[in-house]
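Accompanying notes for the structure given below.
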Amino acid sequence: MSGLRSFLFSFQTKLVLSMTGVIVIAILISGAVFVARDRHNSKERALERVAAISPVVYEEAIGAIRRQDSEDDFYQTLDAIARQRDVRILLVTSDANVLHDSEGKIDGAQLSVPEPGPRDYARGFTSWGSDDESPEGGLVFLVTSSSRSFEGIRISQGDVQPFRIVLAVRSDTIADAWRSVLPSL
């Protein structure tokens, strides 16, 4: 018993344990730095994945307009794309009214689309989060920088409304993107 006791309290054991502690702390700190550094990149990649969906949405919308689909058929086409791509599609008129929401939650609400800045042109899209003035909280909105307003769609009252397509996802989808970095530690 005294041999075990002398081994546990020996200088060599204390040195090994302290060195192991230093190594564990160094690994934890470097992992935290890696996650913190890569967190922004992960969020940006998640936004880029949403932006990558926009060409498909635009092509389908243009196809539906060229086919001169009825308003309901046009909306059903957009809703199907939204379900298929796991994204929300909003049609926003030039006067900031939400003409159609693929989830139907904010139809008729006001949503201002900000003008793209130089950074937005460089990355190819503009994104902004919902705020107090947004019709629904907890969303990240995205519109591609190259997107233009469509000439319009004839709505049921007979007016032709020009619109822009805005994509939206839950903000926790983007905010939690960095967690995919954790397994690489």
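Condition check: out of contact with any Lys or Arg (no Cβ under 6 Å at 6 or more places or on another chain) and at pLDDT 65 or above. Does R164 satisfy that?
Considered against the rule, which asks whether it is out of contact with any Lys or Arg (no Cβ under 6 Å at 6 or more places or on another chain) and at pLDDT 65 or above, R164 comes out as yes.
Would you confirm whether any residue within region 96-118 is among the polar types (S, T, N, Q), touching a Gly at 6+ places or on another chain (Cβ under 9 Å), at pLDDT 70 or above and closer than 18 Å to Y58 by Cα?
no
Considering each residue of region 85-117, count those that are closer than 13 Å to F163 by Cα, of a type in the set (D, E, K, R) and not in a loop (DSSP other than H, G, I, E, B), and give that number.
1
For the condition exposed (fewer than 11 other Cβ atoms within 10 Å of the Cβ), in a helix (DSSP H, G or I), at pLDDT 80 or above and of a type in the set (A, V, I, L, M, F, W, C), what is the one hit in A26, A122, A82, A52?
A26
Please identify the pairs in which a residue from region 63-78 that is modelled with pLDDT under 80 has its Cβ atom under 8 Å from the Cβ atom of a residue that is aromatic (F, W, Y), counting only partners at least 6 apart or on another chain.
A64/F74; I65/F74; I65/F150
If the requirement is being in contact (Cβ under 8 Å) with a residue 12 or more places away in the chain, farther than 17 Å from F125 by Cβ and not charged (D, E, K, R), which of these qualifies: T20, T93?
Going through T20, T93 in turn, the sole match is T93.
The values are calculated or read from the model by the stated rules, or taken from the named source; none is laboratory data. Fair warning: this is a prediction, and the values are worked out from it, not measured in the lab. Glycine gets a Cβ as well: all are built from the backbone with ideal geometry, and neighbour counts include every protein chain shown.
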